[in-house]
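Taken together, the values in this text are just the output of simple stated rules run on the coordinates, not laboratory data. Every value quoted in this text rests on a predicted model; they were computed, and no experiment measured them. Neighbour counts are summed over all protein chains in view; Cβ atoms, including those assigned to glycine, are modelled from backbone coordinates with ideal geometry.
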Amino acid sequence: MTFHAPILVIVVPLLSAFLTHLTKYTRLKRGAEIVALTSMIVSLFFLLSMSGPVFSGEVLNYDLGGWPPPAGISLTVDGLSFFFSLLAVGVGLLIIVYSLGIYVYARRYYSLLLIALSGILGIVLTRDIFNMYVFFEILAVASYILVTYKHKTRAIKASFKYLIMSESAWVLFLLAVAVLYGLTGSLNMDDIAAQTPIIYQTNPQVIYLVFALMMIAFGIKCGMFPLHTWIPEAHSQAPTPVSGLLSGLILKVGLYAMLRVFFLFFGAPLFLRGAGSIIVYLGLITLIVGACLALAQEELKKLLAFSSINQIGFILIAIGLGTRLGFEGGLFHIFNHALIKTGLFFCAGIIISQTGFWKIGQMKGVWRKMPGLTAAFCVLSLAVIGIPPFNGFFSKMFIVEAVLLEQNYFLLFFVFFGIIMTAAYFFRVIQTFFAQEDFKQKPDFVPQPVGPFEHLSTYVFAAFCLLVGLFPGMVLSLIHPAVKVLLP
Amino acid sequence: MINGVSIGIIVVLIGIYGILTKRNLIKMVMALYIMNSGVILLFISIGYVAGGEAAIFESGKKLMVDPLPQAVMLTSLVIGLGITALALALVIKIYDEYGTLNASRILEDK
Amino acid sequence: MDRTSSILKIFTRKLFSFILLYGCYLISHGHLSPGGGFQGGVVFGSAIILLGLVEGVKLTEKRFREDSLSLTKNVGMLVFIFLGFVGIFLGYYFLSDFLPRGEVGTVPSAGLILLLNLTIGFMVGTGIAVIFYRIVRHKA
């Protein structure tokens with residue numbers, strides 16, 4: 001079964017997405033949730049069964065339908081794909097656990113969530129560039145609908161803006177794929193990677209065009225300045241588990257696609273230097289914009305969304321440097337940030353559903369009512385600022401070291417600026433939580449029942465932060481095969 | 001030189017112009033779909049072989065048009081259909097709430 | 001909608017079954033002439049939309065109920081993935097072509113593509129009809 005594992009990891013959530021609709025005809029009251037949970041556990045099992053060969057360095061190849069590329073689509077699992085898919089399945093499982101506690105989520109929600117997760121797994125496991133486009137669209141459509149799941153007007157406006165921006169970006173990506181196909185005659189990433197150096201010698205402008213179009217597409221998906229404007233509204237108006245999905249996984253998948261496209265253009269080292277510095281400076285602006293706007297936010301979820309943009313800026317700087325330490329720091333921070341930000345959104349969701357307030361200024365003295373949750377929020381914010389012994393410390397340390405090795409003191413100043421600003425806006429929130437006076441609840445507000453599942457998933461995220469912080473070697477052993485793919 | 005490739009690029013540029021400048025929500029959705037159609041036209045024209053026949057295997061055919069872009073663009077067309085249907089559904093809900101389709105008036109009503 | 005002209009109604013009632021038949025022809029002859037799953041499915045869906053526009057959605061709903069259309073869509077996707085799995089059970093890859101090939105130029109000569117076309121055709125057709133029902137029945 002290990003042989004068929006790549007396609008099974010993608011197909012099992014997709015299959016269950018349509019199976020959840022059929023649970024209407026059974027008598028199980030929570031049939032959809034059982035199906036969703038089971039399918040993610042099965043997918044995780046298949047993924048872990050591939051871990052042995054991947055860690056020893058070999059690459060698993062799987063041609064769909066037996067057709068060899070370039071006529072067919074092939075799935076390949078190497079270190080980078082395995083790292084991202086493990087992250088996706090793990091965080092996806094915890095998102096489903098969080099949604100279990102909220103009874104109002106019906107079959108449609110779980111099937112959309114499973115389609116989105118199978119889309120993410122398809123993106124990271126495929127080796128065909130048009131197949132990546134199709135899976136990106138599957139993920140995007142599921143996320144547009146999930147953002148508006150609660151039919152709030154602001155959510156519908158946010159989703160429409162997200163749709164128009166994202167879809168025009170993907171059309172430009174398709175344009176880039178068309179140009180690449182016209183030049184190389186193949187849609188397979190390895191074939192294109194083999195032919196790019198030759199094209200770069202004779203015709204560099206075409207490569208620049210393709211690079212620019214793809215950077216627009218991935219920049220919108222990952223929140224690079226100036227294409228980040230859909231993020232605040234969409235992440236804050238979505239229901240809480242969907243915010244976790246958007247911030248924790250979908251932003252990272254855009255970064256994965258950016259790393260893969262780097263891999264396509266590896267044969268042109270001169271070009272790589274130029275491209276890397278574009279990404280570094282755009283990441284710098286993203287960091288500054290995210291930090292400054294986060295400090296000015298009144299709503300808790302919007303602050304978390306801008307904080308995501310801030311951290312993506314860090315990761316872009318680390319990736320753009322192109323050194324081994326930079327890639328390690330960037331990938332480690334991707335892993336940490338997915339855990340931390342999803343946990344923070346879950347905390348915020350529980351607090352908002354219990355108090356009924358969205359603005360931070362109104363949430364005074366929350367720690368008396370919900371001490372455990374405030375402790376989890378503190379743990380997660382300390383982790384994202386980068387304080388030992390939590391996991392954020394190691395990833396930020398790698399990034400700072402990578403920048404130091406490049407001896408770019410301008411960049412170093414702004415990296416430290418970013419860390420200090422992160423501390424600033426998170427401490428403002430924590431200070432309000434620990435205030436002396438209590439929050440005045442609206443008289444006719446009924447707090448929604450919060451079951452054990454929400455608390456469980458939030459504490460699991462906080463515990464993971466501590467665990468990875470104490471034993472970072474586990475995650476580093478995952479990252480080394482990934483970096484070996486990027487820098488052979 | 002007017003062939004499919006140049007017309008495709010012109011249509012994509014018209015679509016980009018539409019998304020950037022138009023204020024009506026329905027016109028934005030139309031511009032998105034026009035952009036999609038432009039890229040599809042471009043992709044299919046890239047696979048054109050001069051003098052080739054339709055890409056269906058029958059005995060006695062010598063030169064065939066490249067079938068890969070056609071198969072790939074079928075998928076892309078259906079994706080475009082789904083996205084347009086979703087966008088129009090969102091526009092209907094926005095219109096219910098605000099009574100206007102003017103993007104600037106909707107945006108300032110935070 | 002109540003005062004649709006009688007020419008329109010009579011013609012649509014007569015033509016409706018032929019449009020459905022044409023859609024099925026497009027789906028099943030996808031490998032012999034231009035057509036295939038998506039194209040035939042869209043024609044199939046537009047036939048139902050045409051009937052809904054002319055006769056009114058209430059009457060069309062009686063014949064083509066939304067739940068059965070939705071069920072067809074979901075079952076279609078499961079059949080598609082199941083056909084992929086049959087490839088795995090027989091020892092090949094996912095979605096590999098395991099049916100015997102007939103002679104070139106006849107309908108059964110496509111192997112697995114014919115079954116996949118049929119599945120996709122019905123999925124797309126019923127999907128479009130369900131979208132139409134939902135949009136028309138939306139009340140402000």
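Using a 7 Å offset from the Cα along the Cα-to-Cβ direction at both A:Arg324 and C:Phe89, what is the distance between the two label points in nm, to one decimal?
Between A:Arg324 and C:Phe89, the label points sit 5.0 nm apart.
Compute the Cα gyration tensor for the stretch A:288-365, then decide on rounded, prolate or oblate, letting a ≥ b ≥ c be the square roots of its eigenvalues: rounded whenever a/c is under 1.5, prolate when a/b is larger than b/c in the other cases, and oblate in all that remain.
Judged from the Cα gyration tensor, the stretch A:288-365 comes out oblate (a/c at least 1.5, b/c at or above a/b).
Let me know the mean shielding of B:10-19 by other chains, meaning the per-residue number of their Cβ atoms within 10 Å of its Cβ.
Shielding by partners across B:10-19 averages 2.
Given a Förster distance of 22 angstrom, what is the FRET efficiency for B:Thr100 paired with C:Arg134, based on the Cβ-Cβ distance and rounded to 0.05?
Rounded to the nearest 0.05, the efficiency is 0.40.
Take the cross-link list A:Lys221/A:Lys359; A:Lys252/C:Lys139; A:Lys359/B:Lys27; A:Lys152/B:Lys27; A:Lys221/B:Lys27 and give me the ones stretching past 30 Å between alpha-carbons.
As for pairs spanning more than 30 Å Cα to Cα, those are A:Lys252/C:Lys139; A:Lys359/B:Lys27.
With a length cut of 30 Å (Cα positions projected on each helix's long axis) and a Kyte-Doolittle mean of at least 0.0, go through chain A and give me the DSSP H helices that pass.
Numbers: long enough: A:79-100 (32 Å, 2.26); A:153-184 (46 Å, 1.17); A:269-295 (39 Å, 1.97); A:300-321 (32 Å, 1.52); A:324-355 (46 Å, 0.88); A:409-433 (36 Å, 1.80).
Flagged H segments are A:79-100, A:153-184, A:269-295, A:300-321, A:324-355, A:409-433.
Distance from a point 7 Å along Cα→Cβ of B:Leu63 to each backbone N in the stretch A:174-215: keep the residues under 11 Å and list them by number.
none
Quick one: if the Förster radius is 45 Å, what FRET efficiency do A:Phe3 and A:Ser353 give, using the C-beta to C-beta distance and rounding to 0.05?
On the way: r = 45 Å, r/R0 = 1.00.
FRET efficiency, A:Phe3 to A:Ser353: 0.50.
So what is the calculated 222 nm ellipticity per residue for chain A, using -39500 (n - 2.57) for each DSSP H run with n of 4 or more, over all residues, to the nearest 500 deg cm²/dmol?
-25500 deg cm²/dmol
Provide the FRET efficiency to the nearest 0.05 for the A:Val446-C:Ser33 pair, computing r from the beta carbons and using R0 = 51 Å. List each step's numbers first, then the result.
On the way: r = 63 Å, r/R0 = 1.23.
Given R0 = 51 Å and the Cβ-Cβ separation, E is 0.20.
Take peptide C:128-134, look around each residue's Cβ out to 10 angstrom, count Cβ atoms belonging to other protein chains, and average those counts.
Across C:128-134, the average partner-chain Cβ count within 10 Å equals 2.
Classify the stretch A:24-66 from the C-alpha gyration tensor, please: rounded if a/c falls under 1.5, else prolate or oblate depending on whether a/b exceeds b/c. Walk me through the intermediate numbers first.
Working: a/c = 7.36, a/b = 2.34, b/c = 3.15.
Oblate shape, in that a/c is at least 1.5 and b/c is the bigger or equal ratio.
Between A:Leu405 and A:Ala375, how many nm apart are label points set 7 Å from Cα along the C-beta direction?
Computed distance between label sites A:Leu405 and A:Ala375 equals 3.9 nm.
By a straight-distance test (C-alpha under 16 Å), which lysines pair with C:Lys9 as possible cross-link partners, with residues fewer than eight away in the same chain excluded?
The qualifying lysines are C:Lys58.
Could you work out the helix-only [θ] at 222 nm for chain B, with each DSSP H run of four or more residues adding -39,500 (n - 2.57) and the total divided by the number of residues, to the nearest 500 deg cm²/dmol? Walk me through the numbers on the way to the answer.
Working: 4 runs with 77 residues, N = 110.
Rounded to the nearest 500, the figure is -24000 deg cm²/dmol.
Roughly what would the spin-label model give for A:Thr38 and B:Leu77, points 7 Å off Cα along C-beta, in nm?
Reported label-point gap for A:Thr38 and B:Leu77 is 3.9 nm.
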